[in-house]
Amino acid sequence: MSDPFNLRLGIIADPHVNVCEGEGSHYKLRDPSLQILEATLKDLENQVDYLFFPGDLIDAKYEPLRNLDVLCQALKKNLIPSFALMGNHDTPHKTTKDAYKKTDFIRRLSGFGFDGREKGYWRFDVPGKKITFLGLDTAQPFTSYGSVDKEQRAWFQSNLENIDKDRHVFVFMHHPTVVFHPVISEVEGMDMYVLNDNDSFLKLLCRYPQIKAVISGHLHAPYYKKVEGIHFISCPSIVSWPNMFVQFVVNESSIEYTCRPIRQRQWIDQAFKNLCCDEHSLRNFGTAENIVSFYTLGARKGSFQLS
Ligand SMILES: [Fe+2]
Ligand SMILES: [Fe+2]
């Protein structure tokens, strides 16, 4: 039997695919978003065993049905078994022009973790391995804030009660469960970058020693934090600076992670310029230096031990 804990994972967070005209998306690159995703899929070809998209796959602000079509075409060319989750930008917005609903996303991405129940959360037991992936739906329509509802918590809990203690569980979700940087609790509005019900959800996570790591998107920045023995990892976005995707190598006793930049250098430079003069970010961080520091503080490479 091959090593039951050895796996290579790829994470493409927050690709925000948007081919529609309209208001720019500030620090997120809109026009090249599809090209960046396609190039990233190419870069990960034969490099990983499973691929994850922890939310904000499209931009639902104007014409999500069109963006979803384009996204699905790009993803279908990819041969790596893949899993998707909803982010806040995958849910209808007050400016959404078409009849898009959350269920459109779940139906079109059926097979990407979604199993036909029309629910935005899923479980996958890796064949031949002692590893289980649990994906959660933290996105609510018309808000950037995230939460895990009662029904989903019950589902999550009942799954974990029945997962053998010697398996490793990795949880994927769009909104982070922990505060990765003090600015998130200090600046008004930045608390959208942590789950609404984070204290109670953290307590729930801590009840299950099988949970080794919780991997999230939404923040668009690489961060790592260990709380109560669980490793929390925030993945950077491929369409905002520093424009990176993440590769993990999992073993029985450790996980190594590496953030890799997208291959189009010109778009990284453009994203850096956009970020430094982004009004919203300047309001939250005060100066361009503070913005850059927020996105560079977290380690881009590391490894941690699994107990
Ligand atoms: Fe995002
Ligand atoms: Fe988000």
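Each residue in the range 69-89 was checked for being within 25 Å of V48 (Cα to Cα), within 16 Å of ligand 1 (Cβ to nearest atom) and outside any loop (DSSP other than H, G, I, E, B), and 3 pass.
Quick check on this structure: which one of D125, D191 is in contact with a strand residue (DSSP E or B) (Cβ under 6 Å, 6 or more places away or on another chain), on the phi < 0 side of the Ramachandran plot and either at pLDDT 95 or above or aliphatic (A, V, I, L, M) (or both)? Only one candidate qualifies: D125. Please verify whether P92 is surrounded by fewer than 20 Cβ atoms within 10 Å (Cβ to Cβ), more than 16 Å from the chain's Cα centre (by Cα) and farther than 25 Å from L7 by Cβ, treating the condition exactly as stated. Spelling it out, P92 is indeed surrounded by fewer than 20 Cβ atoms within 10 Å (Cβ to Cβ), more than 16 Å from the chain's Cα centre (by Cα) and farther than 25 Å from L7 by Cβ.
Residues in the range 132-153 that are acidic (D, E) and either surrounded by fewer than 20 Cβ atoms within 10 Å (Cβ to Cβ) or more than 16 Å from ligand 1 (Cβ to nearest atom) (or both): D149, E151. For residues that are of a type in the set (G, A, S) and over 18 Å from S185 (Cα atoms), tally how many sit in the range 278-307. Of the residues in that region, 5 qualify.
In the range 83-104, the residues that are farther than 17 Å from V148 by Cα reach residues that are within 14 Å of ligand 2 (Cβ to nearest atom) and small (G, A, S) with C-beta atoms within less than 7 angstrom, at least six apart or across chains, in these pairs: P92/A60; H93/A60; T96/A60; Y100/A60.
Just one of the listed residues (I163, I106, I184, I131) is of a type in the set (A, V, I, L, M) and within 23 Å of N284 (Cα to Cα), namely I184.
Applying the criterion of being crowded, with 18+ Cβ neighbours inside 10 Å and farther than 12 Å from L85 by Cα to the residues of the range 97-131, the residue that is farthest from the chain's Cα centre (by Cα) is K129. When each of R283, R300 is tested for being touching a residue at least 24 places away in the same chain (Cβ under 8 Å) and not aliphatic (A, V, I, L, M), the lone residue that passes is R300. A count restricted to the range 217-237 and to residues that are more than 17 Å from F304 (Cα to Cα) and touching a residue at least 60 places away in the same chain (Cβ under 8 Å) stands at 6.
Would you confirm whether any residue within the range 50-59 is modelled with pLDDT under 95 and on the phi < 0 side of the Ramachandran plot?
yes
I need the full set of residues from the range 19-63 which are among the aliphatic types (A, V, I, L, M), part of a helix (DSSP H, G or I), touching a residue at least 60 places away in the same chain (Cβ under 8 Å) and within 26 Å of P176 (Cβ to Cβ), in order please.
Scanning the range 19-63 gives I36, L37, L44.
Criterion applied to N243, N284 was being within 16 Å of ligand 1 (Cβ to nearest atom) and in contact with a Ser or Thr (Cβ under 8 Å, 6 or more places away or on another chain), and the one residue passing it is N243. Checking each residue in the range 278-300 for being closer than 21 Å to P261 by Cα and among the β-branched types (V, I, T) picks out I291, V292, T296.
The values are calculated or read from the model by the stated rules, or taken from the named source; none is laboratory data. Computed from a prediction, not measured in an experiment: that's the story for all the values here. Glycine also receives a Cβ, built like all others from the backbone with ideal geometry; neighbour counts cover every protein chain displayed.
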